[in-house]
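Report on one structure; see the data block that follows.
The values are calculated or read from the model by the stated rules, or taken from the named source; none is laboratory data. Small disclaimer: the values here were computed from a predicted structure and weren't measured. A quick note on method: Cβ atoms are made from the backbone with ideal geometry, for glycine too, and the neighbour counts reach across all protein chains shown. These accessible areas exclude ligands, DNA and RNA; they are computed on the full protein's heavy atoms, side chains included. Shrake-Rupley method; radii C 1.70, N 1.55, O 1.52, S 1.80 Å.
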Amino acid sequence: MEKGATNVKVPLISKIAYGMGDVGCNFSWMFVGNFLMIFYTDVFGIGMGAVAALMLFSRFWDAINDPVIGALSDKTHTRWGRYRPWLLIAAPLTALVLILTFWAHPDWSDTSKIIYMAVTYCILVLGYTCVNIPYGTLCGAMTQNIEERAKINTFRSVSAMIAIGVINIITVPLISALGGGSDQRGYLLIAVIYGCIFAACHIFCFSKTKEVVEVPAKQKLSLKTQLAAAAKNKPYMIAVAGQLLFGLTLYGRNADALYYFTYVEGDAALFSTYSLFIIIPSIIGAACFPVMFRLTGNKGRAASIFALLTGISMFAMYFFTATDTPVTFYLFSALAQFFFSGFNTAIYAVIPDCVEYGEWKTGLRNDGFQYAFISLGNKVGMAIGTSLLAAVLEMCGYVANQQQNSAVLSVIRHSFTTVPGILWVVTAVVLLFYRLNKTTYNKIIAELQSRK
């Protein structure tokens, strides 16, 4: 590791490689978030109640493994750094588990299905944690320059938006094309392809990035000490709250999306059309974060503005449909995705800056441990969003592959428009309290350097 990493300029190839890491993440986790729930209910033949229970249970599992993996990555010391080796080893193994997760057995007994679902999903969550926490933490280890970090996260978000757009456009048609009429076969072959992409992207990220931020002298810190330090880090606690709301809103809506186009709009293929309309706004919106950051000088404030505009756009979508008023529906869809992409860049850009604030405030630097709770907040939000959606749909009488009753259709429609719209506004209010601006951050970095 090199000293004086404050003003390190990250090479273009490293920024691209870091962005490719999030391409890999999305070919795994966004695929899971958007398609796994409907795969379980409509292909595997598992009841909504069991799926809802799994989503909640898995977050208790996350509460254990996220901080453990974060702490272990902080303690990793190799010639490649602390975080990069995890990408090299864990990504290929996780790819194999992804394939097993989408290996359906609809002829099995209900008990066997539920056991298989629970085991494969919990192992997948652990594998993804072993990749995503070191990957997310790596940004802060590449440089301490606040502008460079903003650029790195812009590369990450633009790459992610492209990957998400591609996944959403091609997955439904690929299920049909590869499956030859069998969704069971189609999902499995897609999981094989996406798993290979996931592994390859993280190996590339490992090979073309470098950790340069100086590692503090080894600190033996108890869990209680680290939690107490995190509690004193106000920007970090706001970032955790933002991630919790982010996960709740994003993944709940994403899990609902295919149900929305299948049952409310009446054509699952419209999901690909919708995804096609929003991919360009996604890319442009992600690239606009540096502009908003320059205007506000505060990454949290930039995220708040993007969240507010996302919420307004999504709420407006309720009054239109893709079949009856397609122009207006797709216009607001594009606006919502544009603003969301800016938010997505901003919310991840605040995280490494909180690490420096925490080191300045408490004297402790534990990048991986702090990112673990950011990840946990996001996953808890995901669990609440997806399990609540599944539970309400079951309560209202959802039946797979059948015409749904009016209550189910109403839940699906509101879950795609008004509910996330309101939650995005709440997220905007929370992030208004993020006070770590560019001027304050640079003073903190200067003081940390003088201490060393």
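Test ALA150 against the stated conditions and say whether it is modelled with pLDDT under 90, part of a helix (DSSP H, G or I) and surrounded by fewer than 24 Cβ atoms within 10 Å (Cβ to Cβ).
On the way: modelled with pLDDT under 90: yes; part of a helix (DSSP H, G or I): yes; surrounded by fewer than 24 Cβ atoms within 10 Å (Cβ to Cβ): yes.
Against the criterion (modelled with pLDDT under 90, part of a helix (DSSP H, G or I) and surrounded by fewer than 24 Cβ atoms within 10 Å (Cβ to Cβ)), ALA150 qualifies.
Let's see how each residue does on (1) surrounded by fewer than 16 Cβ atoms within 10 Å (Cβ to Cβ); (2) at pLDDT 90 or above:
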{"residue": "ALA400", "(1), (2)": "yes, no"}
{"residue": "VAL408", "(1), (2)": "no, yes"}
{"residue": "LYS443", "(1), (2)": "yes, yes"}
{"residue": "ARG451", "(1), (2)": "yes, no"}
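Output yes when any residue across segment 45-57 is touching a Phe, Trp or Tyr at 6+ places or on another chain (Cβ under 9 Å), open to solvent by 20 Å² or more (accessible area, probe 1.4 Å), in a helix (DSSP H, G or I) and over 22 Å from TYR371 (Cα atoms), and no when none is.
yes
Which of the following residues is within 30 Å of PHE293 (Cα to Cα), open to solvent by less than 30 Å² (accessible area, probe 1.4 Å), at pLDDT 95 or above and not β-branched (Val, Ile, Thr): LEU87, LEU98, LEU138? I'd like the intermediate steps shown before the answer.
Values: LEU98 fails: within 30 Å of PHE293 (Cα to Cα); LEU138 fails: at pLDDT 95 or above.
The match here is LEU87.
Hey, ILE133 hits all of (1) touching a residue at least 60 places away in the same chain (Cβ under 8 Å); (2) out of contact with any Phe, Trp or Tyr (no Cβ under 8 Å at 6 or more places or on another chain); (3) part of a helix (DSSP H, G or I); (4) not charged (D, E, K, R) but one; which does it fall short on?
Going through the list (1) touching a residue at least 60 places away in the same chain (Cβ under 8 Å); (2) out of contact with any Phe, Trp or Tyr (no Cβ under 8 Å at 6 or more places or on another chain); (3) part of a helix (DSSP H, G or I); (4) not charged (D, E, K, R), ILE133 breaks only (2).
Can you give me the number of residues within segment 354-398 that are aromatic (Phe, Trp, Tyr) and surrounded by fewer than 17 Cβ atoms within 10 Å (Cβ to Cβ)? Walk me through it before giving the result.
First, the residues of segment 354-398 that are aromatic (Phe, Trp, Tyr): 357, 360, 369, 371, 373, 398.
Now drop any that are not surrounded by fewer than 17 Cβ atoms within 10 Å (Cβ to Cβ), which leaves none.
Going through segment 354-398 one residue at a time, the tally reaches 0.
Give all pairs with beta carbons closer than 7 Å in which a residue from segment 66-82 that is of a type in the set (A, V, I, L, M, F, W, C) meets a residue that is modelled with pLDDT of 85 or more; count only pairs at least 6 apart in sequence or on separate chains.
Here the result reads ILE69/THR129; ILE69/CYS130; ILE69/ILE133, each pair linking segment 66-82 to a residue that is modelled with pLDDT of 85 or more.
Condition check: surrounded by fewer than 17 Cβ atoms within 10 Å (Cβ to Cβ), at pLDDT below 90 and in contact with a helix residue (DSSP H, G or I) (Cβ under 7 Å, 6 or more places away or on another chain). Does THR78 satisfy that?
yes
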